[in-house]
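Let me begin by presenting the structure, written as structure tokens, before commenting on it.
The values are calculated or read from the model by the stated rules, or taken from the named source; none is laboratory data. Keep in mind the model is a prediction, meaning the values are calculated, not measured. A quick note on method: Cβ atoms are made from the backbone with ideal geometry, for glycine too, and the neighbour counts reach across all protein chains shown.
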Amino acid sequence: MVKKLSGISRNDNTELKQALKALVSLAIEYNILGKEKYERGAFPFLSFVKIVGQKRGNTARLTFEFPTPILEAIKRPTMYVKLNMFIRRDLNSKHSLALYEMLKDYQNIGRIRIGMEAFRKLVGVEE
């Protein structure tokens, strides 16, 4: 199920392992646009990942753990937006994903003003 939602087509777990390692090393910076005026920060997306496969069969058990800041942030969902994972998996670049997240977050506002520096930071583009 995880592979299907992630768009992973390989039968072995090589691609899944690489993707999970990337999530462990991914630093999430939050509140770049200052929606919560007095708080900004960064944290890793996952603090722990383990895949235990069976020698026979095509199943494995995936265990992961979110770091404490994410668990605390879940209690304050005003800083986050719900994304459609089926749309998200079809986005081909980190830039399109970042733009999708920003547009979903501000879709009910109608207009948003953002400086070029903040926009570049959001979509991960160098000057």
**Report entry** In the range 48-107, residue modelled with the highest pLDDT [restricted to those that are acidic (Asp, Glu) and under 22 Å from GLN18 (Cβ atoms)]
**Finding:** GLU65
Report task. Working only within the range 29-45, note down all residues that are of a type outside the set (Phe, Trp, Tyr) and touching a strand residue (DSSP E or B) at 6+ places or on another chain (Cβ under 9 Å). Result -> GLU29, ASN31, GLU36, GLU39, ARG40, GLY41, ALA42, PRO44
Report task. Take TYR30 and decide whether it is modelled with pLDDT under 80 and under 15 Å from the mean Cα position of the chain (by Cα). Result -> yes
Query - Odd one out for LEU46, checked against (1) in a loop (DSSP other than H, G, I, E, B); (2) exposed (fewer than 15 other Cβ atoms within 10 Å of the Cβ) - result: (2)
Report task. For the range 97-107, indicate whether the set of residues that are surrounded by 13 or more Cβ atoms within 10 Å (Cβ to Cβ) and part of a strand (DSSP E or B) is non-empty. Result -> no
